[in-house]
1. Would you kindly state how much longer the chain becomes between Lys265 and Glu209 on full extension, computed as 0.36 nm times their sequence separation minus their alpha carbon distance, in nm to one decimal?
2. Using per-residue counts of other Cβ atoms within 10 Å, averaged over each peptide, order 55-62, 175-182 from highest down.
3. Which links in Lys188/Lys239; Lys131/Lys238; Lys97/Lys303; Lys97/Lys131 stretch past 29 Å when you go from one Cα to the other?
4. Under a point spin-label approximation (7 Å from Cα along Cα-to-Cβ), what is the Glu231-Ser243 distance to one decimal in nm?
5. Beyond 30 Å, what share of the Cα-Cα pairs of the chain remains, rounded to the nearest whole percent?
6. Can you spot the lysines whose alpha carbon is less than 18 Å from Lys208's alpha carbon? Ignore those fewer than 8 places along the same chain.
7. Sort 312-319, 247-254 by packing, meaning the average of other beta carbons within 10 Å per residue, with the highest value first.
8. Pick out, from Met31, Ile134, Phe222, the residue whose Cα sits farthest towards the positive end of the charge dipole of the chain, with +1 on the Cβ of Lys and Arg and -1 on the Cβ of Asp and Glu.
Amino acid sequence: MEGYEMAIRILGTGSYLPDRVVTNDELAEMMDTSDEWIRTRTGIGSRHVTEGETTSDMAVRAAEAALKNAGIDAGEIDLIIVGTFTGEQLMPNMASKVQAAIGANRAVGFDLSAACSGFLFSLNTAYCFMKAGIYQKALVIGAETLSKTVDWDDRSTCVLFGDGAGAAVVGLDEGTESLFIMGSDGSKGEVLSLDARPLKTPFSMNPKEVNPWMTMNGQEVFKFAVRKVPECIEELMKKAELSVEDVDWFILHQANVRIIESVSKRLGVDSSRFPVNLDHCGNTSAASIPILLDELNRSGRMKRGDRIVLSGFGGGLSWGATYLVW
Ligand code: ACO
């Protein structure tokens with residue numbers, strides 16, 4: 001369509017982290033670990049952990065901050081998508097709770113489950129609705145309560161994660177078309193998994209026990225991420241007819257600083273263009289990208305016109321990258 005506006009425009013960002021900070025030293029008092037082990041393996045120094053706030057409570061706080069930052073009234077939002085796999089209820093979904101709490105009366109809302117790719121997939125989904133002319137303004141949120149999914153007796157997983165939420169108010173603008181790549185490999189799904197409710201009914205034939213905790217094969221996740229993320233960013237660059245040198249910021253899902261360093265090395269891009277907030281947030285899954293976006297936005301590090309690549313990857317397995325101009 002001639003003259004049609006094609007670029008994603010992030011109009012405002014917001015984030016919310018629970019007040020309670022749990023340091024590595026505090027974890028070392030609870031289990032056989034150390035600040036040194038956690039920092040050198042992951043880059044994490046502390047994480048925020050909820051003392052009672054739910055996933056939707058945090059999503060609402062992030063959404064309110066993003067609307068304020070964008071200078072937009074909740075009534076102008078047409079679409080709310082919450083990337084999460086840790087909602088406090090399966091029904092109603094988190095997006096409906098956000099819609100009610102912020103008074104976005106015109107908006108339709110739904111959740112999108114894609115683990116650590118959740119925000120990126122939600123953003124791309126919102127973009128498609130807007131590009132098709134169906135909706136004009138969206139609120140895209142990543143919100144997670146990972147502290148309830150990990151076994152606090154398992155030092156190999158519980159030290160990695162944190163709770164929090166990030167949000168972006170998104171519209172369309174004239175300018176360079178935004179582009180994205182997304183992928184899934186369900187055959188490797190067991191590498192990162194979390195069971196849902198058990199099928200235990202008077203009719204079920206072989207009731208299976210469910211594991212209440214997240215399980216992870218850390219080395220497989222590492223191998224997957226350091227191969228797939230550079231590959232999909234390179235594919236995206238080709239599609240956008242750009243080189244990695246043209247990109248100001250690579251905003252990756254914050255899983256692990258060694259993954260981020262490896263991606264920067266493989267792409268041949270200086271690590272200063274890969275911002276990191278793992279040190280104080282840990283891995284917040286779908287929330288990590290929008291929390292980091294909000295930090296960069298509010299600190300003024302990221303300037304209008306900067307070229308940005310976002311990349312999410314994780315459970316599914318799933319991965320993706322999006323190119324946009326800030
Ligand atoms: N403190 C101290 N020692 C520990 C801890 C801990 N918290 N956790 C594990 N160890 C021990 C293990 O028991 C093992 O001891 P052993 O040799 O006596 O058996 C030793 O450390 C090495 O364990 P590995 O699992 O081999 O440790 P590795 O060097 O692979 O590091 C890690 C583990 C950090 C998880 C790594 O595999 C990794 O970075 N994986 C990427 C996974 C990731 O980032 N997941 C996040 C979620 S998924 C996502 O967001 C995409």
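1. Numbers: separation 56, 0.36 × 56 = 20.16 nm, distance 4.28 nm.
Taking 0.36 nm per residue and subtracting the Cα distance, the gain is 15.9 nm.
2. Values: 55-62: 26.5, 175-182: 18.1.
Ranked from most to least packed, the peptides come out as 55-62, 175-182.
3. Working: Lys188/Lys239 27 Å; Lys131/Lys238 21 Å; Lys97/Lys303 32 Å; Lys97/Lys131 26 Å.
Flagged as over cut-off: Lys97/Lys303.
4. 2.5 nm
5. Numbers: 16225 of 52975 pairs.
For the chain, the fraction of Cα-Cα distances above 30 Å is 31 percent.
6. Of all the lysines, those that pass the test against Lys208 - Cα under 18 Å, at least 8 places apart if same chain - are Lys200.
7. Values: 312-319: 25.5, 247-254: 23.1.
Descending mean neighbour count gives 312-319, 247-254.
8. Of the options given, the answer is Ile134.
The values are calculated or read from the model by the stated rules, or taken from the named source; none is laboratory data. Since the structure is predicted, the reported quantities are computational estimates derived from the model, not experimental observations. Every residue, glycine as well, gets a Cβ built from its backbone with ideal geometry; the counts of neighbours run over all protein chains shown. Protein only, heavy atoms only, side chains kept; ligands, DNA and RNA dropped before computing areas. Shrake-Rupley method; radii C 1.70, N 1.55, O 1.52, S 1.80 Å.
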